[in-house]
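Visitor: One structure coming up, written as structure tokens, with questions to follow.
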């Protein structure tokens, strides 16, 4: 099916562990984004990518690493997870700067 | 002060009511205005997209932008229980570089 898929849907990990959240889109959109959604803060941009091999920081990048070797994939890695990174993570894509964001259904991450 | 402010609700209305959802924003340079709908345990989905000011209508939904007062509104006519969701306003300098409000939770009761 066409669209944007995130995996896993749910993840529980321990403090200090590395965890990678996956995002895959089938539209060949140039832009891809990672957001986190928390009560009281809404959606906040972590990182985004305008094309393969081009990434840039958003509002809350600390503790996260991204890569984009292929247009369709944009994984997000938490190098050493902390409890404050417990959140719902959304991946989104967009065809160009004037086009709206299309979101995946999120990954609910709990860090214990 | 947040760049985009939105009353978190919850807003509870009876079926058939007209719903008014609102946001204020602080950056007068913003030209793109969106409303997203988010059902529980799902990702946000685009509902309305407006560039610059004015009104846009799509079925039961009307989006309004008043740039002079930095005020964004979404009206839902003949609200249905299926409209129960969280509504996120978003604005920015580009269609894909947005600042989001915190969302308003709407409950439409049969």
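The values are calculated or read from the model by the stated rules, or taken from the named source; none is laboratory data. Given the structure is predicted, the values throughout are model-derived calculations rather than measurements. Glycine gets a Cβ as well: all are built from the backbone with ideal geometry, and neighbour counts include every protein chain shown.
Visitor: Go through (1) within 14 Å of chain A (Cβ to nearest Cβ); (2) buried (at least 21 other Cβ atoms within 10 Å of the Cβ) for residue B:94 and report which single condition fails.
Guide: (2)
Visitor: Please tell me if residue A:46 is over 29 Å from residue B:4 (Cα atoms), assigned to a strand (DSSP E or B) and modelled with pLDDT of 95 or more.
Guide: On the way: over 29 Å from residue B:4 (Cα atoms): no; assigned to a strand (DSSP E or B): yes; modelled with pLDDT of 95 or more: yes.
For residue A:46, the condition - over 29 Å from residue B:4 (Cα atoms), assigned to a strand (DSSP E or B) and modelled with pLDDT of 95 or more - is not met.
Visitor: Is it fair to say residue B:88 is surrounded by fewer than 21 Cβ atoms within 10 Å (Cβ to Cβ) and either touching a helix residue (DSSP H, G or I) at 6+ places or on another chain (Cβ under 8 Å) or in a strand (DSSP E or B) (or both)?
Guide: On the way: surrounded by fewer than 21 Cβ atoms within 10 Å (Cβ to Cβ): no; either touching a helix residue (DSSP H, G or I) at 6+ places or on another chain (Cβ under 8 Å) or in a strand (DSSP E or B) (or both): yes.
So residue B:88 fails the test.
Visitor: For residue B:65, indicate whether it is away from chain A (no Cβ under 13 Å) and farther than 17 Å from residue B:101 by Cα. Spell out how you get there, then give the answer.
Guide: Numbers: away from chain A (no Cβ under 13 Å): yes; farther than 17 Å from residue B:101 by Cα: no.
Answer is no for this residue.
Visitor: Now a separate question. Report yes if residue A:105 is within 8 Å of chain B (Cβ to nearest Cβ) and over 14 Å from the mean Cα position of the chain (by Cα), otherwise no. Write out each step before concluding.
Guide: Values: within 8 Å of chain B (Cβ to nearest Cβ): yes; over 14 Å from the mean Cα position of the chain (by Cα): no.
No: the conditions fail for residue A:105.
Visitor: How about the range B:66-85: which of its residues are buried (at least 18 other Cβ atoms within 10 Å of the Cβ) and outside any loop (DSSP other than H, G, I, E, B)?
Guide: Scanning the range B:66-85 gives B:72, B:74, B:76, B:83, B:85.
Visitor: Starting from residues that are within 14 Å of chain B (Cβ to nearest Cβ) and part of a loop (DSSP other than H, G, I, E, B), keep the ones in the range A:9-34 and report whichever is surrounded by the fewest Cβ atoms within 10 Å (Cβ to Cβ).
Guide: Here the answer is A:9.
Visitor: Let me ask something else about it. If I filter the range A:78-91 for residues that are at the interface with another protein chain (Cβ under 8 Å from one of its Cβ atoms) and either in contact (Cβ under 8 Å) with a residue 24 or more places away in the chain or not in a strand (DSSP E or B) (or both), do I get at least one hit?
Guide: Here is the first cut: in the range A:78-91, the residues at the interface with another protein chain (Cβ under 8 Å from one of its Cβ atoms) are A:90.
From what is left, the residues that are either in contact (Cβ under 8 Å) with a residue 24 or more places away in the chain or not in a strand (DSSP E or B) (or both) are A:90.
Within the range A:78-91 (the criterion being at the interface with another protein chain (Cβ under 8 Å from one of its Cβ atoms) and either in contact (Cβ under 8 Å) with a residue 24 or more places away in the chain or not in a strand (DSSP E or B) (or both)), the answer is yes, since at least one residue qualifies.
Visitor: Let me ask something additional. Which of (1) assigned to a strand (DSSP E or B); (2) touching a residue at least 60 places away in the same chain (Cβ under 8 Å); (3) surrounded by 21 or more Cβ atoms within 10 Å (Cβ to Cβ) is the odd one out, the single condition residue B:102 does not satisfy?
Guide: So the condition that residue B:102 fails would be (1).
Visitor: Out of everything in the range B:37-52 that is more than 10 Å from chain A (Cβ to nearest Cβ) and surrounded by fewer than 13 Cβ atoms within 10 Å (Cβ to Cβ), what residue ends up being modelled with the lowest pLDDT?
Guide: Only one residue tops the list, namely B:52.
Visitor: Could you tell me whether the range A:50-63 includes any residue that is within 12 Å of chain B (Cβ to nearest Cβ), surrounded by 15 or more Cβ atoms within 10 Å (Cβ to Cβ), out of contact with any helix residue (DSSP H, G or I) (no Cβ under 9 Å at 6 or more places or on another chain) and at pLDDT 95 or above? Working first, answer last.
Guide: If we filter the range A:50-63 for residues that are within 12 Å of chain B (Cβ to nearest Cβ), which is where we start, we get A:50, A:56, A:58-59.
Okay, now just the ones that are also surrounded by 15 or more Cβ atoms within 10 Å (Cβ to Cβ), so A:50, A:58.
Those left that are additionally out of contact with any helix residue (DSSP H, G or I) (no Cβ under 9 Å at 6 or more places or on another chain): A:50, A:58.
Imposing the further condition that a residue be at pLDDT 95 or above reduces the set to A:50, A:58.
Yes: one or more hits.
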